[in-house]
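Heads up, the thing below is written out as structure tokens.
The values are calculated or read from the model by the stated rules, or taken from the named source; none is laboratory data. The shown structure was predicted, so the numbers you read here are calculated from the model rather than taken from an experiment. Methodologically, a virtual Cβ is constructed for each residue, glycine included, from the backbone with ideal geometry; neighbour enumeration extends over all protein chains shown. Only protein heavy atoms, including side chains, enter the accessible area calculation; ligands, DNA and RNA are left aside. Shrake-Rupley method; radii C 1.70, N 1.55, O 1.52, S 1.80 Å.
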Amino acid sequence: MYNQEMTTIKNQLLNEYAGYLDKTKLIQNFPIFSSFKDNEDFYFSMTSYLNEFYDPHLKIIDKKGPYPNIRVQLYEDKLYVIESKNSDLKKGTIIERIGDLSIKEILFSNSDLLKSDNPERMEWTDVLKKYKYIKHNSKEINILSEERINFFESYYTIEESRNYLYIRLTDFMDTYTITNLINSHKQVILDSKNIIIDLRGNRGGSDFAQFVLLPLLTNNNISTQYDYPYYHRFTKSYCDNRLFELNKMLEQQPSLKDNDEFNQFLNLFTDYYDKGLVNINIHNDNDYIHGLRDDLPSLKILCDFECASSGEGFVLRLKDFKNAEIIGRPTKGMNDYSNVMIVDINKDYQLMVPHSKDGAVDVNKGMSNKGIEVDYYIPWTPEELHKDIMLETAIERFKSS
């Protein structure tokens, strides 16, 4: 039982995964057993194995659930509910036990599912999913829902305040909407002396929308050349998938025909079709962003552990801006390996497989398990449950700069 699923996962690691050379020992130690008690046993066993790769983009997706309906955060040995879609649990509730285990017992016995020993970077979703209920005031409360709960709803806003402009981008999924929003506020952005860009919880997406905003934040020409190789593993299935998705994007947004970055990316998958691992970091004369401002605004960038993928790629670009200060907590650290394809394992599960690799990994400068460091660190405390400390800090730091 599950032989086919195991074969699919192993084949993806060997023949599709961009980190196959770096993770050779782990792949060689692929679990030889294939007899699991049930779906849950398969899911948690293989998730524990894949967590050893320390690659957040490499994971099993449970398509049918059930799914946790709360989010939690550990602080000084206490587990707090930081967001809830459960009518029996309010935000701020302290959880005493998960299943029949104390929080300390969970930390000891389920470290393979938490992914980190840093409380601010622990991921509790699979632990909650595994034990199904929590105990609060001696009462058992089911914390799973049949419907997947979206704790990170998409919205994009630009709001003017008296002393600063506030830009909130929860992700970079909807390139069309983000581009229109930025273009419709272009002059407002150019006129602003103080700008806050809130990337907390940014779930990533496409980089293309970022190139519309970046020139409005500087008066310099910013090089986009990268110091390290950047590889894609151009397999046949990966190239076919990307060509299909990019052409679909082009149908939806015909203006992308005139976008140089888009066309360069599209051409990669025809130029290197089925060519295997290739370094695409070939510098061109136009590898820079032309700043459109007359002045240099003060930028405050808010981020946290939930800022991931393309979101933290944006943070990394902004770190090169001398007028930007990164405030909050280090990002998730997803981009050592990225550009994922999603593959069906069976009717219940899918596998996310990264097909690109950042060459910084080869010189021990990757971001896995640590994220992108901030300039001004704000530790998580329960005070954040009722107060927006990061935003207040950013506003205060405008006054002191």
message = Probe radius 1.4 Å, ligands and nucleic acids ignored: give me the carbon and sulfur share of the accessible area of the stretch 215-289 as a rounded percent.
response = 45 percent
key: Extension gain (nm, one decimal) between ASP260 and ILE389, 0.36 nm per residue minus Cα-Cα   = 42.5 nm
inquiry  = Once R0 is set to 41 Å, what does the formula 1/(1 + (r/R0)^6) return for the Cβ-Cβ distance between THR224 and ILE94, expressed as a FRET efficiency to the nearest 0.05?
reply    = 0.35
inquiry  = Nearest 500 deg cm²/dmol is fine: what mean residue ellipticity at 222 nm does the chain get from its DSSP H runs of n ≥ 4 alone, each adding -39,500 (n - 2.57), divided by its residue count?
reply    = -8500 deg cm²/dmol
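How big is the dipole moment of the stretch 3-127 about its Cα centre under a simple scheme where the beta carbon of each Lys and Arg is +1, that of each Asp and Glu is -1, and everything else is neutral? Debye, nearest 20, please.
On the way: 16 positive and 21 negative charges, 54 e Å.
Roughly 260 debye for the stretch 3-127.
Would you tally the net charge around ARG203, using a Cβ to Cβ cut-off of less than 15 Å, leaving ARG203 out, and scoring K and R as +1, D and E as -1? Mind dumping the intermediate values first?
Details: positive: LYS59, ARG71, ARG148, ARG168, ARG200, LYS332; negative: GLU83, GLU123, GLU153, ASP171, ASP174, ASP198, ASP207, ASP304, GLU306, GLU312.
That works out to -4.
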query = Hey, rough spin-label estimate for GLN28 and LEU101, points 7 angstrom out along Cα→Cβ, what's it come to in nanometres?
reply = 3.1 nm
message = Between TYR376 and THR270, what's the calculated FRET efficiency when r is the beta-carbon distance and R0 is 51 Å? Round to 0.05.
response = 0.70
task = Using just the alpha carbons, could you tell me how many Å³ per residue the convex hull of the chain encloses?
result = 154 Å³
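How much accessible area per residue does the chain have, in Å², with a 1.4 Å probe?
Details: 19610 Å² over 401 residues.
Solvent-accessible surface per residue comes out at 49 Å².
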request  = Identify which of ASP171, ASP41, ASP258 has the largest mean-square fluctuation in a Gaussian network model of the chain, with springs joining Cα atoms closer than 10 Å.
outcome  = ASP258
ask   = What is the Cα centroid distance between the stretch 315-376 and the stretch 218-251, reported in whole angstrom?
value = 15 Å
ask   = Under a plain spin-label model, where a point goes 7 Å from the Cα along Cα-to-Cβ, how far apart in nm are GLN253 and TYR49?
value = 3.8 nm
query = Say each of PHE108 and SER35 gets a label point 7 Å from the Cα, pointing the same way as Cα to Cβ; how far apart are those two points in nm?
reply = 3.1 nm
